[in-house]
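The values are calculated or read from the model by the stated rules, or taken from the named source; none is laboratory data. On a predicted model such as this, the values are computed, not experimentally measured, just so you know. All Cβ positions, even for glycine, are placed from backbone atoms using ideal geometry, and neighbour counts span all protein chains on display. For accessibility, only protein heavy atoms count, side chains too; no ligands or nucleic acids. Shrake-Rupley method; radii C 1.70, N 1.55, O 1.52, S 1.80 Å.
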Amino acid sequence: MRLLKMRETGLILIILALFIAMTFASPYFLTWNNMRAMSMAFAVEGIVVVGMTILLISGGIDLSVGSVTALAMVIAGLLFLNGVDPWVASAIAIASCAGLGAAMGFFVTKVGLHHFIVSLALMVIARGLCLLGTGGRPIGLFTLPDSFKFIGQGSIGPIPVVIVIFVVVVVASDFLLRHTTLFRKVFYTGSNEKAATYSGINTKKVIFLTTTLCSTLCGLAGIIYMARFGSAQPTFGIGMELNVIAAAVIGGASLAGGTGTIFGAILGTILLSVVSSSLALLDVSVYWQDIIRGSILLAAVTIDHYLNKRRG
């Protein structure tokens with residue numbers, strides 16, 4: 001815990017340093033519009049990061065998060081265009097995403113396949129379903145009712161509803177990880193699955209739960225994106241898995257499982273969001289932005305590997 005706290009403190013200092021540097025580098029960085037746009041962007045992606053962090057702690061990984069997020073948008077969008085109430089359509093879409101997570105859990109726990117292979121296959125399947133259902137074209141949802149678009153575009157006072165939903169997900173997840181027996185078993189499973197099994201923990205149940213939860217949160221994020229932009233994009237979320245994994249690992253979640261905190265993962269998400277916003281404001285080429293983000297991911301994984309060797 002001391003190591004994790006030091007890591008989180010370091011992240012906070014890095015974020016503050018970036019804020020100070022960008023305040024001098026660009027007059028637009030600390031404007032209300034930029035802060036609002038940046039916070040809304042990292043909030044929705046942060047919901048997916050929460051699911052990925054819990055899955056990483058349990059020893060798993062999910063490469064399909066971007067495709068599943070897009071699939072939630074497409075399912076809800078198509079159902080709405082066919083006369084289904086948007087709230088009912090959204091519930092069906094989120095349930096469908098949960099079903100994909102459950103399918104992943106089945107192949108991992110019952111068939112014995114690795115998370116990496118199963119999630120890679122589901123990534124391709126989900127993206128294929130998105131393109132099949134839309135013909136590869138975005139779905140315009142301009143007739144969505146204002147009451148539904150409120151969850152993506154509205155505000156409660158000065159605070160966007162997206163931020164409120166994000167905070168609720170973060171607080172609830174952090175509480176569950178810290179204070180409930182079921183979610184504490186996630187750490188034991190990720191640390192040493194065999195030892196956890198011998199101690200009486202149903203590790204397969206834990207793994208099934210975390211894979212399903214991750215995909216469910218992807219579905220929720222997809223619905224919020226749909227409400228925010230008023231459309232369903234079948235190509236949305238390409239590369240999201242890299243950002244999400246990077247944020248979780250930067251925040252202290254280990255690819256080897258057993259360690260991580262929700263707070264640290266959110267700090268990692270904020271850091272990546274600040275970096276992306278800064279690069280855009282400084283007019284850095286989009287190609288260089290990809291190189292920089294990839295370098296950050298490589299550095300985070302290298303640090304994680306070094307810390308695991310030290311602990312081992």
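Among the residues of region 105-118, are any within 30 Å of residue 37 (Cα to Cα), open to solvent by 20 Å² or more (accessible area, probe 1.4 Å), part of a helix (DSSP H, G or I) and out of contact with any Gly (no Cβ under 9 Å at 6 or more places or on another chain)? No, region 105-118 contains no residue that is within 30 Å of residue 37 (Cα to Cα), open to solvent by 20 Å² or more (accessible area, probe 1.4 Å), part of a helix (DSSP H, G or I) and out of contact with any Gly (no Cβ under 9 Å at 6 or more places or on another chain).
Exactly one condition in (1) farther than 30 Å from residue 41 by Cβ; (2) open to solvent by less than 50 Å² (accessible area, probe 1.4 Å); (3) in contact (Cβ under 8 Å) with a residue 24 or more places away in the chain is not met by residue 177; state its number. Unmet condition: (1). The single condition among (1) farther than 30 Å from residue 143 by Cα; (2) in contact (Cβ under 8 Å) with a residue 40 or more places away in the chain; (3) out of contact with any His (no Cβ under 8 Å at 6 or more places or on another chain) that residue 20 does not satisfy is (2). Within the set of pairs 6 or more residues apart or between chains, which connect a residue that is free of Cβ contacts under 8 Å to residues at least 12 places away in the same chain and open to solvent by less than 50 Å² (accessible area, probe 1.4 Å) inside region 144-165 to a residue that is of a type in the set (Gly, Ala, Ser) and assigned to a helix (DSSP H, G or I) with Cβ atoms less than 8 Å apart? Here the result reads 161/152, each pair linking region 144-165 to a residue that is of a type in the set (Gly, Ala, Ser) and assigned to a helix (DSSP H, G or I). The residues of region 25-62 that are closer than 19 Å to residue 184 by Cβ, outside any helix (DSSP H, G or I) and in contact with a His (Cβ under 9 Å, 6 or more places away or on another chain), listed by number, are 59, 60.
Touching a helix residue (DSSP H, G or I) at 6+ places or on another chain (Cβ under 6 Å) and at pLDDT below 95, is that true of residue 1? No; evaluated as a whole, the condition is false for this residue. For the residues 95, 76, 91, the requirement of being more than 27 Å from residue 196 (Cβ to Cβ), assigned to a helix (DSSP H, G or I) and open to solvent by less than 10 Å² (accessible area, probe 1.4 Å) singles out 76.
Pairs are defined by a Cβ separation below 6 Å, a sequence spacing of at least 6 or placement on different chains, a first member in region 31-48 that is without any contact (Cβ under 8 Å) to a residue 24 or more places away in the chain, and a second member that is surrounded by 13 or more Cβ atoms within 10 Å (Cβ to Cβ) and aromatic (Phe, Trp, Tyr); no pair meets this definition.
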